[in-house]
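A short worksheet on the structure shown next.
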Amino acid sequence: MVLFEKIKKTLGLSTEEREYPSATFATRPDSLYAPINGVLVELSEIGDETISSGLFGRGYGIVPVGNVIYAPASGRIAATTVSNHSIGIRTDSGIELIIHVGIGTVKLEGKGFKRLVESEQRVAAGEPILVFDDEAIKAAGYDDVITVIVTSPSLLDKVKLVGQSNTLFAGHPLVKVGDPLVIVKE
């Protein structure tokens, strides 16, 4: 039976629940933080017209290094999707945001995604909320960029994009979980 469990685990079929440790970082109520490590890109550089045009709101894209998405602020899960590729959060200070994994990944119908939270659940900044299979996304021919977008219409003109890093990759800043991305000033 042990061999069978090892094979299932190798193939990603294990029934064993895996635990994802929380990330710890200092927070401010008016700020959103990087939910994953990776290369920061402007929304205008993302290959989806709706996102790149700013129609959903303001924020950043992150080309991921890793596969666990952490809550970028404390608040409540405002929305989840059946396909588990995106999560909406309303922070304790009233900022509404969406975290979206990949471009066109809704077509995967949930394959390669595992949501760790439920709608209306309270989350703390740094709590793991979503896990995805980056290789499955790429193998299916989709872009794996993670978008973090402030969607609150009344706050969009108060959004200040502050993502930066002293370390660059191909001219783009590298960010790690908990690095400041967005400040929303009332």
Completion exercise
Of those in the range 145-182 that are touching a Pro at 6+ places or on another chain (Cβ under 9 Å) and closer than 23 Å to residue 53 by Cα, the residue most open to solvent (accessible area, probe 1.4 Å) is 164
Exercise for the section: Considering (1) assigned to a helix (DSSP H, G or I); (2) under 24 Å from residue 73 (Cβ atoms); (3) charged (D, E, K, R), say which one residue 135 fails and leave the rest. Expected result: (2)
Problem - Cβ pairs under 9 Å, 6+ apart, first in the range 138-150 and small (Gly, Ala, Ser), second assigned to a helix (DSSP H, G or I) and open to solvent by less than 10 Å² (accessible area, probe 1.4 Å) - result: 140/105
Exercise for the section: State all residues of the range 120-138 that are touching a Pro at 6+ places or on another chain (Cβ under 9 Å) and either of a type in the set (D, E, K, R) or open to solvent by 70 Å² or more (accessible area, probe 1.4 Å) (or both); if no residue qualifies, say none. Expected result: 134
Fill in the blank from the handout: Scanning the range 23-65 for residues that are surrounded by 15 or more Cβ atoms within 10 Å (Cβ to Cβ) and free of Cβ contacts under 8 Å to residues at least 40 places away in the same chain gives 52
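Could you please let me know if residue 141 is small (Gly, Ala, Ser) and surrounded by fewer than 19 Cβ atoms within 10 Å (Cβ to Cβ)? I'd like the intermediate steps shown before the answer.
Working: small (Gly, Ala, Ser): yes; surrounded by fewer than 19 Cβ atoms within 10 Å (Cβ to Cβ): yes.
Yes: the conditions hold for residue 141.
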Handout entry: Only one of 135, 96, 109 that is in contact with a Leu (Cβ under 9 Å, 6 or more places away or on another chain) and among the charged types (D, E, K, R)
Key = 96
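When the residues of the range 82-114 are filtered to those that are outside any strand (DSSP E or B) and open to solvent by less than 10 Å² (accessible area, probe 1.4 Å), which remaining residue is farthest from residue 156 (Cα to Cα)?
Taking the range 82-114 and keeping what is outside any strand (DSSP E or B), we get 82-85, 92-95, 104-112.
From the residues that got through so far, the ones that are open to solvent by less than 10 Å² (accessible area, probe 1.4 Å) too are 95, 105.
Numbers: 95: 10, 105: 26 Å.
That would be 105.
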Problem - Evaluation of residue 117 against (1) assigned to a loop (DSSP other than H, G, I, E, B); (2) open to solvent by 20 Å² or more (accessible area, probe 1.4 Å) (one fails), failing number - result: (2)
Fill in the blank from the handout: Residue count, the range 127-186, condition touching a strand residue (DSSP E or B) at 6+ places or on another chain (Cβ under 8 Å), among the charged types (D, E, K, R) and at pLDDT below 90, comes to 1
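The values are calculated or read from the model by the stated rules, or taken from the named source; none is laboratory data. As the structure is a prediction and not an experimental result, all values here were calculated from the model. All Cβ positions, glycine included, derive from the backbone under ideal geometry; neighbour counts span all protein chains shown. Areas reflect the complete protein model, heavy atoms only, side chains present, ligands, DNA and RNA absent. Shrake-Rupley method; radii C 1.70, N 1.55, O 1.52, S 1.80 Å.
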